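Participant: After the structure tokens below, expect a handful of questions from me.
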Amino acid sequence: MPKNSYIWNLNDPNRPEITLEPTSPLCCMQWHHKIGELIASGSYNGSVCVFDLRQNQVKGNLRPSLTSVLENSHHDPVYDLSWATGSRAGNEFFSTSTDGRVLWWDMRNLEKPTDKMIL
């Protein structure tokens, strides 16, 4: 299964503008609602990561700025996530998976989720 995901510019459809290089294939992504350079993503292996388009970019290839610790992440692929709009700092997002859990993350510390809800 290919790991890379791509960001395209509609004005140049022949090649991707940015190639995202996560540690595991991505199942979902969402742009930050206020900071257009941040993308939160959920991976096939259950981890979440944050891409910052302002850093870590080498020749159009971008590795995650932050990645969650696999032992404290989901046990199944992450199929959806959403940035928390009520957060003052804008650092928090939620992820959900078929493992039956919703995890609340603070991107300043992805070592373990801030909280979890079991469905």
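Read-outs: derived from the displayed coordinates by stated rules, not from any lab. It should be emphasised that the depicted structure is a prediction, and the values quoted were computed from it without experimental measurement. Methodologically, a virtual Cβ is constructed for each residue, glycine included, from the backbone with ideal geometry; neighbour enumeration extends over all protein chains shown.
Participant: Dipole of the chain, Cα-centred, from +1 at each Lys and Arg C-beta and -1 at each Asp and Glu C-beta, to the nearest 20 debye?
Facilitator: Values: 11 positive and 13 negative charges, 42 e Å.
Dipole size: approximately 200 debye.
Participant: Give the order of SER24, SER95, SER82 when sorted by the count of other beta carbons within 10 angstrom, beginning with the fewest.
Facilitator: Working: SER24 19, SER95 28, SER82 14.
Starting with the residue having the fewest Cβ neighbours, the order is SER82, SER24, SER95.
Participant: Among DSSP beta bridges lying fully in the chain, give the percent that are antiparallel, nearest 5. Present the calculation step by step, with values, prior to reporting the outcome.
Facilitator: Working: 33 of 35 bridges.
So the antiparallel bridges in the chain amount to around 95 percent.
Participant: If you take the alpha carbon radius of gyration of the chain and divide it by 2.2 N^0.38 Å, what ratio comes out, to two decimals?
Facilitator: Compared with the compact-globule rule of thumb, the chain sits at 1.04.
Participant: Got a sec to turn the phi values of the range 18-34 into Karplus ³J(HN,Hα) couplings, 6.51 cos²θ - 1.76 cosθ + 1.60 with θ = phi - 60°, whole Hz, x for Gly and Pro?
Facilitator: So the Karplus estimates, Gly and Pro as x, are 9, 9, 8, 10, x, 7, 9, x, 8, 9, 7, 8, 8, 5, 5, 6, 10 Hz.
Participant: Then there is this: Can you sort MET117, MET29, MET1 so the residue with the fewest Cβ neighbours within 10 Å comes first?
Facilitator: On the way: MET117 11, MET29 16, MET1 5.
So the ranking, lowest neighbour count to highest, is MET1, MET117, MET29.
Participant: Pull up the cross-link candidates among the aspartates and glutamates for LYS3, meaning alpha carbon to alpha carbon under 16 Å and not fewer than 8 places away within one chain.
Facilitator: GLU21
Participant: Taking neighbour Cβ counts within 10 Å as the exposure measure, how do TRP31, TRP105, TRP83, TRP8 sort from fewest upward?
Facilitator: Working: TRP31 15, TRP105 25, TRP83 21, TRP8 12.
Ranking TRP31, TRP105, TRP83, TRP8 by Cβ neighbours within 10 Å, fewest first, gives TRP8, TRP31, TRP83, TRP105.
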